[in-house]
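As structure tokens, the structure follows; a few thoughts come after it.
The values are calculated or read from the model by the stated rules, or taken from the named source; none is laboratory data. As the structure is a computational prediction, the values presented were derived from the model and not from experiment. FYI the Cβ positions are ideal-geometry reconstructions off the backbone, even for glycines, and counts take in every protein chain you see. For the accessible areas, the whole protein counts, side chains as well, though only heavy atoms, and no ligand, DNA or RNA atoms are used. Shrake-Rupley method; radii C 1.70, N 1.55, O 1.52, S 1.80 Å.
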Amino acid sequence: MSWQKSKAVMKKKSLLKQLSVISIIAVVVWLFWPSIPQQFTIVNDPLKKTIPIKTTSLPEQPPSNNSSLAATVNKITSNDSAVLVAQAYAAELTYPPYSQPLTDKDFDRLTPNFFNPQSMLVDDNGTQVSAALSKYRYTYPEIVFATLTGENITGAELQLVDIKTGKVLLTSQFEQGEENWHSHFTGKRDLPRELQASIKAKINGKNINITLALKYVDSVATLESFEPAYNEDADMVLKANLTTREQGLYRMRANLFDANYQPIAHLVSKAKLNKGNSHLYLKAHQSVLQGRQAPFYLSTFSIELMSPAPGKPTKYGDSSIDEHPIKDFAVNSLSGLPYQASQQEQQRLLLLQNMAEGK
């Protein structure tokens with residue numbers, strides 16, 4: 001009996017040890033992993049009255065239990081997790097954090113301000129309705145567009161609601177189009193930070209409410225233009241001209257495409273800027289430009305004023321341009337030197353490798 005108890009205690013300690021190692025790995029990755037772009041960008045897109053929506057089908061049957069998931073998780077040991085994290089981080093360091101490879105599978109980076117349509121069942125007969133906004137985050141004075149797709153819709157209203165107070169700030173009626181119902185309203189400056197779009201529709205004689213999350217902000221900076229690209233050792237450098245309305249630490253992101261608009265790289269720049277006319281420098285490393293030739297195109301601009309302290313919100317900027325062409329840059333003018341990881345990045349990798357080896 002005592003032997004069984006001892007065995008049970010040992011198994012419990014082993015499980016706790018594995019959980020501890022996995023927790024440490026998660027914390028290390030969260031603290032030290034190269035900056036990953038958030039899902040939103042502020043760009044002045046052309047105004048569209050009808051936005052196509054893909055209706056998302058609901059699963060026919062929910063999973064009956066979690067046994068298969070549990071079996072899969074049990075096969076992944078804490079050491080396996082540490083090895084995978086270390087290998088992934090080592091692969092990331094092949095490229096500089098300011099110039100990461102981009103493919104057509106990187107949906108979050110290619111469409112960072114995408115709004116995921118919301119779908120719901122209306123009745124037991126499988127009648128479904130889907131609603132969407134044209135984007136998640138809007139910058140004053142952009143217009144908010146909404147669409148509603150489904151059968152047997154007889155009318156609907158769009159409301160902008162202050163979540164804290166429940167007050168309806170703006171309203172607009174939906175109009176029926178060829179493919180869906182559409183509505184819009186013009187935003188206002190200094191709207192509350194916590195907002196939601198509420199759609200009240202009548203379908204099959206029933207009153208249906210659909211709630212959509214969104215942000216509406218006043219821009220703190222505007223991307224005005226770019227200077228011609230130039231080479232600096234192993235980097236193609238692009239000087240971005242901005243007008244900033246507040247000082248602080250800014251981060252700018254953009255995507256680089258080839259002549260056929262195929263994605264090449266995701267570029268990131270960060271710097272402290274003063275109020276007024278300012279500049280940021282985006283760099284594309286030779287490691288992502290090998291085998292490429294101009295023209296290139298830069299787009300999907302995102303500008304953030306980073307939070308200065310915990311509890312202080314991140315603020316956002318906009319762009320006065322949709323795209324910047326790079327026509328006459330010679331990639332062969334760049335140095336072929338590979339990226340050298342910084343001392344801090346090497347220390348992070350060493351820490352992950354030691355954890356993978358159980359040190």
In range of the label at residue 83: residues from segment 335-359 whose backbone nitrogen is under 12 Å from the point 7 Å along Cα→Cβ: 356-358
Segment 114-253 - convex hull of the alpha-carbon atoms, volume per residue in Å³: 172 Å³
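For the pairs 135/315; 188/270; 275/327; 202/315, note any where the Cα-Cα span goes beyond 27 Å.
Working: 135/315 17 Å; 188/270 29 Å; 275/327 31 Å; 202/315 37 Å.
Flagged as over cut-off: 188/270; 275/327; 202/315.
Mean separation of Cα pairs under 8 Å and 6+ residues apart, divided by the residue count of segment 222-329: what relative contact order is that in percent?
Dividing the mean separation by the residue count of segment 222-329 yields 31 percent.
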For residue 111, put the label point 7 Å out on the Cα→Cβ axis and report which residues of segment 219-263 keep their amide N under 16 Å from it. 263
Between segment 278-327 and segment 87-137, the alpha-carbon center distance in angstrom: 19 Å
I need the calculated FRET efficiency for the pair residue 213 and residue 123, taking r as the beta carbon distance and R₀ as 30 Å, to the nearest 0.05. 0.75
Return P(r) of segment 281-356 (all Cα-Cα pairs; 10 Å bins starting at 0; whole %; ordered from short to long distances). 13, 25, 28, 27, 6
Local electrostatic count, residue 189, Cβ distance below 12 Å [Lys/Arg +1, Asp/Glu -1]: -2
Low-density loop cleavage sites - chymotrypsin sites (Phe, Trp or Tyr not before Pro) in segment 230-269, where at most 12 other Cβ are within 10 Å (DSSP): 261
Kindly identify segment 212-356 as rounded, prolate or oblate by the Cα gyration tensor criterion: order the square roots of the eigenvalues as a ≥ b ≥ c, call it rounded if a/c is under 1.5, otherwise compare a/b with b/c, prolate if a/b is larger, else oblate. oblate
Counting only DSSP loop positions in segment 128-204, the GluC sites (Glu not before Pro) whose Cβ has at most 16 other Cβ atoms within 10 Å are 151, 178, 179, 194
Enumerate the calculated ³J(HN,Hα) couplings along segment 186-200 in order (Karplus 6.51 cos²θ - 1.76 cosθ + 1.60, θ = phi - 60°), each rounded to whole Hz, writing x wherever the residue is Gly or Pro. 7, x, 10, 6, 6, 6, x, 6, 9, 10, 8, 9, 10, 10, 10
Fraction of accessible area attributable to carbon and sulfur, segment 254-295 (%, probe 1.4 Å): 41 percent
Which far-off residues, 5 or more places away or on another chain, put their amide H under 5 Å from the one on residue 218, with H placed in the peptide plane? 140, 190
